[in-house]
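Here's the structure, in structure tokens; my notes come after.
Derivation of every value follows stated rules applied to the coordinates shown; laboratory data play no part. Just so you know, these numbers come straight off a predicted model, no measurement behind them. So basically every Cβ, Gly included, is an ideal-geometry build from the backbone, and we count neighbours across all protein chains shown.
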Number of protein chains: 2
Amino acid sequence: MTECSESIETVETKYFTFANPPNELALESGEKLGPITLAYETYGKPNKQKSNAVLVLHALSGDAHAAGFHKGDKNPGWWDVMIGPGKGLDTEKYFVICSNVIGGCKGSTGPSSINPKTNKPYALEFPIITIKDMVNAQRHLIDHLGIEKLLTVVGGSMGGMQVLQWMVSYPDKILSAIPVATALKHTPQQIAFDEVGRQAIMADPDWKNGNYYGDLPPAKGLAVARMVGHITYMSDVSMTEKFGRRFTVNKQPLKFGVDFEVEQYLRYRGDNFVKRFDANSYLYITKANDYFNIFNGKNINEIFKGLKAKVLVIAFKSDWLYPAYQSQEIVRACKLAGVDATYCEINSTYGHDAFLLEVEEETLLIKHFLKTVLNGYEGLDKNDA
Amino acid sequence: MTECSESIETVETKYFTFANPPNELALESGEKLGPITLAYETYGKPNKQKSNAVLVLHALSGDAHAAGFHKGDKNPGWWDVMIGPGKGLDTEKYFVICSNVIGGCKGSTGPSSINPKTNKPYALEFPIITIKDMVNAQRHLIDHLGIEKLLTVVGGSMGGMQVLQWMVSYPDKILSAIPVATALKHTPQQIAFDEVGRQAIMADPDWKNGNYYGDLPPAKGLAVARMVGHITYMSDVSMTEKFGRRFTVNKQPLKFGVDFEVEQYLRYRGDNFVKRFDANSYLYITKANDYFNIFNGKNINEIFKGLKAKVLVIAFKSDWLYPAYQSQEIVRACKLAGVDATYCEINSTYGHDAFLLEVEEETLLIKHFLKTVLNGYEGLDKNDA
């Protein structure tokens, strides 16, 4: 269907720097960070009341470029399948916003940004940030865009944690929320996988305690970190379907070169990541994930107390990195707090990656959910629904 | 019960070097390796007919020291809970043998051994070895010990692959077999985890293409490899039970130092491993695992054709590295070939590590199984059974 396969045409990343005093953000750690720039993109148009805004929140290695094409680039944004005319997040109806998280390396202030106090990149002088800090920064952007209330906040994995944080930090600023393939807190297994990635980066002598800017990056360490990640994003079944035990065509003569297709894939993914991601950002952002614990000393029934937003929780059967039981726990927390929550577990074999790949079912779920949210909502222009 | 808690007292590792011409082993790769030394230990005594011999096969990081204590060492062998007077492998009844695999670093010929052609350590001159090669070397040891037929061959994980290889390579040399927590072939996910470990080692500049002997070993890379391994040996549940989200008492002031107990545990395990294991052995042995595919072009019903040995297959519910479905596939291959096979799935939360930890149930299963095997078997002295 043409209406579903259309993409937004050329898009440009925009930048917003907190311009009002005190020009900085009080972080959860107690430190302060500023000035802060957020890279962001928007798709579709705001209606008169700006009541059709959807905030999309990206995962660990994502960025502000969620949909459409950058000039001269053949690859669309990371969630182009979901954002566009007639798509799950229909840009003919909604004003879709996506910003790069703080701590990132795609235009938002992060460890590779210039520290105004030293005129050098922050490196490890960058303060520890949390999911809550990321969301607080996004709140500044939303205010800047003049949006009173978001129609929905949606994201998978780390994006889903930001959704949960919006539900807790700014319950009155959201009409609905869609946390996908995520968790109320990081488990020790999730922490452990992140820690292995960090150890791989820090073991690389090119890391130099974070001071590698202007020099060679810790490419080998970051590649190993990404390889570990990729295994956890797939599933036993999806790897077997995709690679089996096939050997590569050009078997290398070297010992411990590439034998199997799965090895080739991992190396390719690892090497590719190094070209587009900053190792220090990887350290900071994984740490933010590991610190994430929305309980924060509360009982499960208190977490979402008073939240009026409707919630759609989506999980995937073969996701073993953020297993379905963690999404069920989110639903439980919602129900115990009297929140209107729906749970959908998609029967996918893709593993955690499913949140980016199971487009058809996710589209239907999100479309239908947003219709339900809009029913009876006065804020939206009649012709927008 | 005192009879079950007894350990074998002091034991010594023995060494056997293939002494007969051609003094070398024809490897599966086509290359030849020799002379070969195998480090091995024995517990209990052979009976007159030497018909009470049990061959124990170790996993990736194991060695010949399966039970009892080395002089001055407070730590017993790696499967001491299973081998000893009155234990699952009762040394008052059985003559238990365990040898270090070729390619290893605990006394058997491996990449850190001296290459007689160069008088230097083999390093990457060491030929690629397979599980079949390991078993062929063990066969030499068994012949050397004058054993006609093994009462059983038993091992978990990579040890289990050797068990399966014994079932295929030397079906007439075994009366029974106990493959534990293992698989007929390595899946792409299993290969992928091994490959990440190898990449971590090879990314360490101290690896020097394998030529680090006499110098600093690639300690950081090997530690990262071991950390990845440890995550896969545990389970989501066992990690949550063991560590939760507890912070370490002495929170380090450094950024990206140890925050959580699970991180401390992984670092400890990683650093500890470096002291006792050779990085090149890690490369060779994981590669042997990844090449393992007992199908070898055969249909599943042909793999164990003609095997008369009784088989006990043991799996663990929470083992996601070698999931139970892989053990069920072993049983299926046995049944389709008319082999007398029993399947037991132990309801453990320990993950893959369960094969070393679920002692009580494993002991009962193995004891009972060996009794069944001995019933009607003429080879054993009456007073041994």
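Of the listed pairs B:Lys287/B:Lys310; A:Lys14/A:Lys242; A:Lys185/B:Lys87; B:Lys32/B:Lys173, which have alpha-carbon separations greater than 32 Å here? Working shown, then result.
Values: B:Lys287/B:Lys310 29 Å; A:Lys14/A:Lys242 37 Å; A:Lys185/B:Lys87 42 Å; B:Lys32/B:Lys173 24 Å.
Listed pairs above 32 Å: A:Lys14/A:Lys242; A:Lys185/B:Lys87.
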Exercise for the section: Specify the residue with the greatest mean-square fluctuation among B:Val237, B:Val373, B:Val101, computed from a Gaussian network of chain B linking alpha-carbon atoms under 10 Å apart. Expected result: B:Val237
Practice task
Pick out, from B:Leu312, B:Ala324, B:Pro217, the residue whose Cα sits farthest towards the positive end of the charge dipole of chain B, with +1 on the Cβ of Lys and Arg and -1 on the Cβ of Asp and Glu.
Solution key: B:Pro217
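For region A:274-372, what is the charge dipole size about the Cα centre, in debye to the nearest 20, if Lys and Arg each add +1 at the Cβ and Asp and Glu each add -1 at the Cβ? Intermediate results must be reported in sequence, preceding the final value.
Values: 12 positive and 12 negative charges, 84 e Å.
In total the dipole reaches around 400 debye.
How much length is gained if the chain between A:Glu6 and A:Val237 is pulled fully straight, taking 0.36 nm per residue apart and subtracting their Cα-Cα distance, in nm to one decimal? Please report the intermediate quantities before stating the final value.
On the way: separation 231, 0.36 × 231 = 83.16 nm, distance 3.14 nm.
Net length gain for the segment: 80.0 nm.
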Exercise for the section: Run the quick spin-label model on A:Asp215 and A:Lys48: label points 7 Å from Cα toward the beta carbon, then report their separation in nm to one decimal. Expected result: 6.0
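Please report A:Tyr377, B:Tyr291 as a ranked list, fewest other C-beta atoms within 10 angstrom at the top and most at the bottom. List each step's numbers first, then the result.
Values: A:Tyr377 14, B:Tyr291 20.
Listing A:Tyr377, B:Tyr291 from fewest to most nearby Cβ atoms yields A:Tyr377, B:Tyr291.
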Problem - Geometric extent, Cα atoms of region B:190-289 - Rg, Dmax (angstrom) - result: 14.8, 42
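Evaluate peptide B:234-240: per residue, the Cβ atoms of other protein chains within 10 Å of its Cβ; return the mean as an integer. Present the calculation step by step, with values, prior to reporting the outcome.
Values: counts 3, 1, 9, 2, 2, 6, 3.
The per-residue average across the peptide is 4.
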Practice task
Mind telling me which of B:Tyr284, B:Tyr343, B:Tyr94 comes out most flexible in a GNM of chain B, alpha-carbon contacts under 10 Å?
Solution key: B:Tyr343
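Suppose R0 equals 25 Å. What FRET efficiency, 1/(1 + (r/R0)^6) with r the Cβ-Cβ distance, do A:Arg139 and A:Arg267 give to the nearest 0.05?
On the way: r = 40 Å, r/R0 = 1.60.
Working from the Cβ atoms, E equals 0.05.
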Practice task
Output, in nm with one decimal and in ascending order, the distances from the B:Leu364 label point to the matching label points of the other copies (7 Å from Cα along Cα-to-Cβ).
Solution key: 4.7
Handout entry: Least to most buried among B:Cys105, B:Cys334 (fewest other Cβ within 10 Å first)
Key = B:Cys105, B:Cys334
Handout entry: Simple Cβ-charge dipole of region B:190-289, Lys/Arg +1 and Asp/Glu -1, about Cα centre, in debye nearest 20
Key = 200
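Starting with the fewest neighbours, write out B:Thr363, A:Thr372, A:Thr130, A:Thr152 ranked by other beta-carbon atoms found within 10 Å of each beta-carbon.
Values: B:Thr363 18, A:Thr372 15, A:Thr130 22, A:Thr152 28.
Ranked by crowding around the Cβ, least crowded first: A:Thr372, B:Thr363, A:Thr130, A:Thr152.
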Exercise for the section: Find every distance from the label point of A:Asp143 to the corresponding label point in the other copies (7 Å from Cα along Cα→Cβ) and write them in nm, one decimal, shortest first. Expected result: 8.2
Problem - Dipole of region A:190-289 [Lys/Arg +1, Asp/Glu -1 at C-beta], most positive-end residue of A:Ile285, A:Pro205, A:Met234 - result: A:Met234
Handout entry: Teacher prompt: A:Lys14 distances to equivalent labels in other copies, 7 Å Cα→Cβ, nm
Key = 8.1
Handout entry: Dimensions in Å of the protein assembly as shown - Rg and Dmax from alpha carbons
Key = 29.0, 96
Fill in the blank from the handout: The ratio Rg/Rh over the Cα atoms of chain A, Rh being the Kirkwood inverse mean 1/r radius, stands at 0.96
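How much of the DSSP beta bridge set in chain B is antiparallel, as a percent to the nearest 5? Don't skip to the end; give the middle numbers.
On the way: 15 of 40 bridges.
Roughly 40 percent of the beta bridges in chain B run antiparallel, per DSSP.
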Completion exercise
For chain A, the dipole about the Cα centre with charges only on Cβ (Lys and Arg +1, Asp and Glu -1), to the nearest 20 debye, works out at 360
